[in-house]
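The values are calculated or read from the model by the stated rules, or taken from the named source; none is laboratory data. None of the values given here were measured: they were computed from a predicted structure. With ideal geometry, Cβ positions are generated from the backbone for all residues, glycine too; neighbour counts draw on all protein chains shown. Protein only, heavy atoms only, side chains kept; ligands, DNA and RNA dropped before computing areas. Shrake-Rupley method; radii C 1.70, N 1.55, O 1.52, S 1.80 Å.
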Amino acid sequence: MTDAAHLAADNRRSIVFLNWAHAIDHFVLLIYPTVVIGLEAIYQRPYSELIALSTTAFVAFGLFSLPAGWLADRWSRRNMMAAFYVGCGLSMVLTAFAPNLFWLSAGMFLLGMFAAIYHPVGMAMLIEATGARGRSLAFNGVCGNLGVSLAAGVSAALATYFGWRAAFLLPALLCIATGIVYVWMTPDDRHNIKKRVSKPAVPLTAKTAVALFGLFLVIAISAGLVFNILTIALPKIVDEGMSMTVSLSVVGSIATAVLVCGALAQLAVGRLVEWIAPHTIFAIVTALGFAGNLWATYATGVPLLIALAVAIAAIYGQVTVNDMILARYTADAWRGRVYAVRYFTLFISAGASVAMISLLHNSGGFSLVLGVNAIIALLMFFATLGLVSLIVSIEARHAAAAQPAE
């Protein structure tokens, strides 16, 4: 087999593991927001108090993305992904056997720390392996969305039939087993560090770069709040928003069905970017996100589920184009660190999201939670319009500079 064939085979294996890792990453972080509904009866504590315990996981998820991206660029992206698999598994074992709420919270902190590895490291690896191809990024996004979607249904089923500890323990064993196979089947990449390209596809002036990445940060913070409020609170929103009393397993199944809409949206976006500029799609889906959140604020029953499906589809649909746009203006050699900053701002907001859910739900129920989320989604839409305007200007100058002299 030629060197090119070996490289292609290695890339294919890497992509499979990265897609699987994306599903695992979102799945493991959303186990607790589902099982917490059952913990209300076990610990005799209100939802607002118990959901606040997951703050440790989501703060760590954002905070540790920074050192993860730096280590991956300076040491080894492949080895960092191995640490992701095994670390998440061991953290969930600790959480599953936690004797009290303190150790439960500590286990979730470690889970958030290792889960933080995937996005800055995995996305840099995926873009390197696929060349930022729209369909490949969209499918990876779908895998992450399926992790979110299945977390509610699978966790609810495991907690119902085997107890809440099993909802952590069984995924833990799967993570550890995957990590062992991953190390066995993928080559070390430390020798590739010096070979990575150090210039982006479209060079930027310092002033333009500050403006562009500043807007990306605003979008990341607002998208993180919208995403986490929706996904963390979704099982409880469904539980309270349905007109009839339903079991935990049914709540999980309905939440899963709503989240599947995000997977369909990402598949559609992966195709649309072949005909429509990514920044145009970006503006459209963020507008839909605001509309979905606003509708959900006032809806109940089936209309609430439809509104949530629109909001979820929008927040997931924007992920693919967001990653494509950012990849175009960042060089591979420091892409891990750039994605680390992006995902730090995106996911550090998860801790704030948990606090907001707890505070707002206690003050005005989920109508208030969703109303505030709609305002944040509107801010994201306005920031996206600013980003689109800037990108149009950048691309026009880039095209003019590429024209041969007459």
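See the values below:
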| read-out | value |
| --- | --- |
| Per-residue ³J(HN,Hα) for the range 93-99, Karplus 6.51 cos²θ - 1.76 cosθ + 1.60, θ = phi - 60°, Hz, x for Gly and Pro | 4, 4, 5, 4, 9, 4, x |
| Residue-span extension gain [residue 9 to residue 400] - 0.36 nm each, minus C-alpha spacing | 136.9 nm |
| Distance between modelled label sites at residue 393 and residue 180, nm, 7 Å Cα→Cβ extension | 5.6 |
| Solvent-accessible area of residue 127 with every protein chain in place, 1.4 Å probe, in Å² to the nearest 10 | 10 |
| Centre separation in Å (Cα based) which lies between the range 263-302 and the range 28-104 | 29 |
| Added length on full extension, which subtracts the Cα-Cα distance from 0.36 nm per residue, residue 268 to residue 362 | 30.1 nm |
| Summed side-chain charge close to residue 47 - residues other than residue 47 whose Cβ falls under 11 Å, Lys, Arg +1, Asp, Glu -1 | -2 |
| Accessible area per residue, Å², the chain with all protein chains present, probe 1.4 Å | 41 |
| Accessible carbon and sulfur surface of the chain relative to its total accessible area, %, 1.4 Å | 71 |
| Nearest-20 debye value, the chain charge dipole, Cβ charges on Lys, Arg, Asp, Glu | 740 |
| Net charge of Cβ neighbours under 15 Å - reference residue 224; Lys, Arg +1; Asp, Glu -1 | -1 |
| For the chain: relative contact order, % (alpha-carbon pairs under 8 angstrom, 6 or more apart) | 27 |
